[in-house]
Amino acid sequence: MKGVKGVPMPPLVLIACTVVIASAGQLAARGGALLAGQAPLWLVSVLFLGSYLALAGRGVLWLFVLRKMPLSVAYPLYAAVFFLVPAGAAWLYDEAVSLHSAAGWALIGGGVVLTGIRAGKQR
C-alpha cells in the first residue's frame with residue numbers, strides 16, 4: 001500500500017490505522033445502541049452506518065497489514081483495540097472502570113508494547 005505521493009506506508013502505521021478505525025467503529029456502534037429510541041433516527045443511522053463502514057475499512061487495511069508483517073506480530077498489536085475500546089467507552093459513555101479492568105488494560109498494553117518492540121527489531 002502506498003502512502004503519500006507513492007511513499008510506502010510502514011507496517012506499524014498500517015496496524016495503527018487498523019486499530020484506530022476498528023476502535024472507532026466499535027464506539028460508534030455503542031453510541032448508536034445507546035441512542036436507539038431516544039435520538040432522531042437519522043443520528044442513530046449515521047452511527048450504525050459509520051460503524052459498518054469502519055468495519056469494512058478495517059478489513060481492507062487488515063489485508064494490507066497481513067501482506068507486510070507476520071500474523072504472529074500483527075495480531076498481538078491489534079490487541080490494542082481491547083484497550084482503546086473500553087477506554088473510549090469510559091470517556092465517551094461514562095462506563096465504569098474497575099480495578100480489575102484497569103489491571104487487564106495494563107497487561108494488554110504491556111503485551112502490545114513488547115510485540116511492538118519485537119516488530120521494530122524485525123525490520
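Structure notes:
- Where the Cα pairs of the stretch 4-121 fall when distances are cut into 5 Å bins, in %: 2, 12, 18, 19, 17, 14, 10, 5, 2, 1, 0
- A dipole drawn for the stretch 4-121 from +1 and -1 charges on Cβ atoms has a positive end, and of Gly88, Leu47, Leu12 the residue lying farthest that way is Leu12.
- Here is what passes the span test in the chain: the DSSP H helices with alpha carbon length of 15 Å or more along the helix axis and a Kyte-Doolittle mean of -1.0 or above are 11-35, 41-68, 81-93, 99-121.
- Normalising the average separation of contacting C-alpha pairs (under 8 angstrom, six or more residues apart) by the number of residues puts the relative contact order of the chain at 28 percent.
- Residue exposure sequence - Ile15, Ile108, Ile117, Ile21 - by fewest surrounding Cβ within 10 Å: Ile117, Ile108, Ile21, Ile15
- The chain - mean residue ellipticity at 222 nm from DSSP helices (-39,500 (n - 2.57) per run, n ≥ 4, rounded to 500): -27000 deg cm²/dmol
Every read-out reported here was derived from the displayed coordinates using simple, explicitly stated rules and does not represent laboratory data. What you see is a predicted model, and the numbers here were worked out from it, not measured in a lab. Please note: Cβ atoms are built from the backbone with ideal geometry, for glycine as well, and neighbour counts cover all protein chains shown.
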